[in-house]
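Since the structure comes first, as structure tokens, the remarks are kept for the end.
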Amino acid sequence: MDEKSRFLDLIQSNIVKYGYHVTIVNSTVEPRYIYTIGLSKSIGFELIFAGGIYYLKEDALKIIDEIVEVLRVKNNTNSEKINLSSFGKFTVSNVDPSWSKLMMLGVFDYYETDHIKAMQIVPDKAHYTLDTPNLSNIFDASSEPVWQWLVHKWNYSVPEDSTVVSNINALLGDVITEVTKWENDEWEMFAGAGPDVKEDEMRIVSLGTILGIDKTLTPAINLDLGKGLWRESLESSWNKWG
């Protein structure tokens, strides 16, 4: 049995056991995304949770599970808020086929079709990190630079699997004001003072994600080990330290 056949058998087994299968895509460059296979027959569409790094993987899986239960009971497919007491409020919105055909390859393999309806799980404003795309629009790498790597090749001088430790505030939209490089192909980039960031507020994301969020961070690529940059605001020039 080849790899594809084993994958399809696993999907079928999970659909029988749990009602649907979940695929987690952890790329080295674009953000994490998670999508279902098997819900089309029970609720009429598949779900995708793209980005949303505010939530750790385990919480994202719980969110999907809880939303599936709500949708099964209420048949709620419009923009009404779905309130999950432990995680916040979410909407379920349409996914343009240009996105699903790039991201949800397992769905098309399983159903052997070119047409599958998909809906995006979208967090509320308080939990909406900048790695979350708007999948209702036609895919355009220029308007969704965080996700440009779905179609573009990596074009920076450092490896595409380079990572950044950042904080939730930065990923929610606060300006990154401190950048340091302590390891090869690893950076720290924080909104606010790094020593003040608590461990549970830290998230590891790809360098591609951060550069997609804020192009002005590009000078960090050329930092030597043990060196850093700081600035007071987005409009300020970078200052060297270390």
- Message: As an exercise, take the mean of 1/r over every pair of distinct alpha carbons in region 83-201, invert it, and state the Kirkwood radius in angstroms.
- Response: 17.0
- Task: Please give the FRET efficiency for Lys215 paired with Phe108, using the beta carbon to beta carbon distance and R0 = 35 Å, rounded to the nearest 0.05.
- Result: 0.60
- Task: Please say if region 1-78 is rounded, prolate or oblate, where rounded means a/c under 1.5 for a ≥ b ≥ c the square roots of the C-alpha gyration tensor eigenvalues, and otherwise the choice is prolate for a/b larger than b/c and oblate otherwise?
- Result: oblate
- Rounding to the nearest 20 debye, state how big the charge dipole of region 94-136 is about its Cα centre with +1 on each Lys and Arg Cβ and -1 on each Asp and Glu Cβ. 140
- Task: Measure off 7 Å from each Cα along the Cα-to-Cβ vector at His152 and Thr28, then give the distance between these two points in nanometres to one decimal.
- Result: 1.8
- Task: Count neighbours as other Cβ atoms within 10 Å of each site's Cβ, and list the GluC sites (Glu not before Pro) in region 171-200 that are DSSP loop with at most 14 such neighbours.
- Result: none
- Percent breakdown of C-alpha pair distances by 10 Å bin, ordered from the shortest bin, for the chain: 7, 30, 32, 20, 9, 2
- Item | In nm, spacing of pseudo-spin labels at Lys117 and Asp174 (7 Å Cα→C-beta vector) | 4.1
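Counting alpha carbon pairs within less than 8 Å and at least 6 residues apart, what relative contact order, in whole percent, applies to region 153-225?
It rounds to 37 percent for region 153-225.
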- Listed residue (Ile53, Val165, Trp241) projecting farthest to the positive dipole end of the chain, Cβ model: Ile53
- Starting from the Cα of Asp124, step 7 Å along the direction of its Cβ; do the same at Tyr18; then give the gap between the two resulting points in nm. 2.6
- Charge-dipole axis of the chain as Lys and Arg at +1 and Asp and Glu at -1 on Cβ define it, positive-most pick from Pro145, Val179, Val16: Val16
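Which values, in whole Å and largest first, are the semi-axes of the equivalent ellipsoid of region 163-234 obtained as the square root of 5 times each eigenvalue of the Cα gyration tensor?
Gyration-tensor ellipsoid for region 163-234: 16, 13, 12 Å.
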- Note on the structure: With R₀ set to 35 angstrom, the calculated FRET efficiency between the beta-carbons of Ser136 and Asp65, to the nearest 0.05, is 0.90
- Taking Rh as the Kirkwood radius computed over C-alpha pairs, what is the Stokes-Einstein D of region 3-137 at 4 °C in a medium of viscosity 1.567 mPa s, expressed in µm² per second? 86
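Sorting Lys81, Lys62 on the 10 Å Cβ count, fewest up front, what's the list?
With the sparsest Cβ surroundings first, the list reads Lys81, Lys62.
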- Task: Determine which residues of region 3-47 fall in the zone a paramagnetic label at Lys57 would reach in this model, i.e. backbone nitrogen under 18 Å from the point 7 Å along Cα→Cβ.
- Result: 11, 21-37
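Tell me, what is the percent relative contact order of the chain, built from C-alpha pairs under 8 Å that lie six or more residues apart?
Relative contact order comes out at 17 percent.
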- Query: Taking K and R as +1 and D and E as -1, what net charge do the other residues with C-beta under 15 Å from the C-beta of Ala126 add up to?
  - Reply: -1
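No lab work stands behind these numbers, since they all come straight from the coordinates. The structure displayed is predicted, hence computed values, not measured ones. FYI the Cβ positions are ideal-geometry reconstructions off the backbone, even for glycines, and counts take in every protein chain you see.
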